[in-house]
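Structure, as structure tokens:
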Amino acid sequence: MNSQLAYKQQRHAAASVKSYQNNQISSMSPTQLILKVYDIAIVSVKKGDTIRAHRAIQELINSLNFDHGDIPKGLFRLYQFCQNSLRAKDSKNVISILEELRTTWAKAFGL
């Protein structure tokens, strides 16, 4: 009986955390979301979670609007380089690039 109760409590806690995270994300501005994705990518690379890092970088790629000139094209190439570097197990360059881009975006957004 105790294991069933513990399992139900654990599932309830996990559902509560998931709900909180969803509410937190849905209330973020587009600017905050971009910075959050950078944070997820950076932490994931540092932890060696390449799957999550690839997903985060892919989200950054998906958010690009190529109607705005050369900047999105340059970012696309940097993101691709990061993904290729992750595949090659070169996380040091990836962390450096993502941290620099995140800092630049935060400054551009006035944060």
Number of positions in segment 51-74 that are at pLDDT below 95 and in contact with a Leu (Cβ under 8 Å, 6 or more places away or on another chain): 2
Which numbered condition residue 31 misses (of (1) at pLDDT 90 or above; (2) surrounded by 14 or more Cβ atoms within 10 Å (Cβ to Cβ)): (1)
Any hit, segment 71-89, residues being among the polar types (S, T, N, Q), in contact with a helix residue (DSSP H, G or I) (Cβ under 7 Å, 6 or more places away or on another chain) and surrounded by fewer than 14 Cβ atoms within 10 Å (Cβ to Cβ): no
Number of the condition not met by residue 105 [criteria: (1) in a helix (DSSP H, G or I); (2) modelled with pLDDT under 95; (3) under 20 Å from residue 32 (Cβ atoms); (4) out of contact with any Phe, Trp or Tyr (no Cβ under 9 Å at 6 or more places or on another chain)]: (4)
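The values are calculated or read from the model by the stated rules, or taken from the named source; none is laboratory data. Everything numeric here is computed off the predicted structure, so don't read it as measured data. Reconstructed Cβ throughout: ideal geometry from the backbone, glycine too, with neighbour counts over all protein chains shown.
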